[in-house]
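Asks: Below: one structure in structure tokens.
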Amino acid sequence: MAMTWVWTGMVALSLLFGAWTGNLAALGGAAFEGARAAVELCVSMAGVMCLWTGVMEVMRQSGMTEKLAQAFRPLLRRLLPRAARDAETLAALSANLSANLLGLGNASTPLGIRAARAMARGCEGVASDELCLLVVLNSASIQLLPTTVAGVRAALGSKAPFDILPAVWLASALSVAAGLGAAKLLARVWRD
């Protein structure tokens, strides 16, 4: 609801300022140009998303995603010991982490929601430390292949959309480390 007011206010201010400065025609032209560019970007991104969804499906059918998920299970058992006791929750967590690692945020979201729902059982409306840690891991996920960002870069004409890999690896590793550290610190502070 708040965003409705923010967007309505921005449009109203733009119209008022355009009328005041005598640039209503330019404002209208910019609005239509922005809408055209948004549609072009959406169509380009749809192609990229179809490609990577297909790659993810091939990986799933070949068993690669399950093997990747199994590789993460020991780490998840250490980070989220209570959640790891339930095989279904652990499978959703592993698959979520795998999808995030491959930069497929759209594919990881339903898995993260499934894991969060399972972890929230018995919490009585208060998020547990492990549930908060899941949110941190999802928000600051390490990405080996930032497919969505690369797709946007390719759609906007980048000749080498994956040349950002070293920066993405460093930034995502640092964000996960900072998020884990903050979550563990805050869990101790609130327990005391």
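The values are calculated or read from the model by the stated rules, or taken from the named source; none is laboratory data. These figures come from a predicted structure and were not determined experimentally. We place every Cβ from the backbone using ideal geometry, glycine too, and count neighbours over all the protein chains shown. For the accessible areas, the whole protein counts, side chains as well, though only heavy atoms, and no ligand, DNA or RNA atoms are used. Shrake-Rupley method; radii C 1.70, N 1.55, O 1.52, S 1.80 Å.
Asks: Can Ala38 be described as assigned to a helix (DSSP H, G or I), out of contact with any Leu (no Cβ under 7 Å at 6 or more places or on another chain) and free of Cβ contacts under 8 Å to residues at least 12 places away in the same chain?
Replies: In short, yes.
Asks: A follow-up question, please. Hey, can you tell me all the residues within region 16-73 that are loosely packed, with under 11 Cβ neighbours inside 10 Å, over 22 Å from Leu93 (Cα atoms) and not hydrophobic (A, V, I, L, M, F, W, C)?
Replies: Matches in region 16-73: Thr21, Gly22, Glu33, Gly34, Arg36.
Asks: Give, as residue ranges, the helices (runs of 4 or more DSSP H) completely inside region 78-192 that count at least 1 residues that are out of contact with any His (no Cβ under 7 Å at 6 or more places or on another chain), at pLDDT 85 or above and open to solvent by 50 Å² or more (accessible area, probe 1.4 Å).
Replies: Fully inside region 78-192 and qualifying: 105-120, 129-139, 147-155, 165-191.
Asks: Can you tell me how many residues in region 56-74 are part of a helix (DSSP H, G or I) and either more than 21 Å from Ala107 (Cα to Cα) or small (Gly, Ala, Ser) (or both)?
Replies: Residues that pass the stated criteria total 4.
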